[in-house]
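The next block holds one structure in the form of structure tokens; read it before the comments.
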Amino acid sequence: MTQIPLWLFAPEPGVSNLNLTRENKLKVRTDFEEVSGLIGRLISIGEEFRGKDNWWSHLKHKEDWGQLVWPIKDQSVKSKIERVYADGRDMELFLSEELESINFDITKYPTLTAVAERFDGTWIDDIEGLEQTLQEAIKAKEQNGQSCWAFDQMVITFREQIALAKVVRQTINLLKNTNLFKLENGIPVEKETNTVHISNVSNSNISVQSENVNQQLNVNDALFDDIIKAIKSSEIDNKEPLVTATEEMREGAKSGSVLSAYQKFMGLAADHLTVLGPFLPALAALL
């Protein structure tokens, strides 16, 4: 896949996401408040990619990567192995910069449509190609026969980035179905009807301030149970804040006011998207 040179994605002079506090980066700009959950997710994933930058550099320059690559004389084998680093590092640099800059680069992202279209034809549209690159590299390394710790770690990191790229693609698709995106593109917007399912109510449709009436909102508890199970079975060091935030989302979903709990959860989950990423599309559907 042809990629645009990375220097084209540098911030404007004097504007850098590295100069922004984490709080400011996660605070979604006001014109995107309607889709703040999805935009906040993209920014958090950008941070996750950014956190891998030093790791890629460390693996290439300070571990046994050179001992594996330099002696290889078969250029076909060598190039397949080297692509794990080249594509993994380029994908990390591109997606970290582009996702984090959604919040502050109004020139690049003046509209939600610009956000959605920015990633057309990029890494997230070629996930199958990334998976093929990884498999070819693994086979080439096995063919070469030499053990290499740095390569093994690059494979793990590459797989983590593929998982995150899939979440980005899912999120972009969700953004394209929002009312804000439809309005920007002249697509008819269906009037939303808020439906609340209430059970165990006697002699009335909805009772307000009535005694001896049991009203219960139906919430998909299995989703929150699965999230908590994933947290507890993971290697996350401090699990309790995430478990508490998940329970708060469960309660918020029951009362119909899940947004604040969701934003709190996303702030805590930003460093653990490899574990929690698969649940994000289902959580976004609750907003």
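Couple of notes before you dig in:
- Counting the residues of region 254-277 that are in contact with a helix residue (DSSP H, G or I) (Cβ under 8 Å, 6 or more places away or on another chain) and touching a residue at least 24 places away in the same chain (Cβ under 8 Å) gives 16.
- You will find that of Glu63, Glu100, Glu131, the residue that is in a helix (DSSP H, G or I) and surrounded by fewer than 20 Cβ atoms within 10 Å (Cβ to Cβ) is Glu131 and no other.
For (1) aliphatic (A, V, I, L, M); (2) assigned to a loop (DSSP other than H, G, I, E, B); (3) crowded, with 16+ Cβ neighbours inside 10 Å, each residue gets a yes or a no:
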| site | (1), (2), (3) |
| --- | --- |
| Phe32 | no, no, yes |
| Ile39 | yes, no, yes |
| Ser44 | no, no, yes |
| Val84 | yes, no, yes |
| Lys108 | no, yes, no |
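- Matching residues in region 134-153 - criterion: being buried (at least 19 other Cβ atoms within 10 Å of the Cβ) and either part of a helix (DSSP H, G or I) or among the aliphatic types (A, V, I, L, M) (or both): Leu134, Ala137, Ala140, Lys141, Asn144, Ala150, Phe151
- Test: residue in region 65-82 that is touching a residue at least 40 places away in the same chain (Cβ under 8 Å) and under 26 Å from Asp271 (Cα atoms): no
- Restricting Ile162, Ile198, Ile156 to those that are at pLDDT 90 or above, surrounded by fewer than 16 Cβ atoms within 10 Å (Cβ to Cβ) and either within 24 Å of the chain's Cα centre (by Cα) or outside the structural domain of Leu42 (by TED's automatic domain parsing) (or both) reduces the list to Ile156.
The values are calculated or read from the model by the stated rules, or taken from the named source; none is laboratory data. Everything numeric in this text was worked out from a predicted model, so none of it was measured. Backbone-built Cβ (ideal geometry, glycine too); neighbour counts: all protein chains shown.
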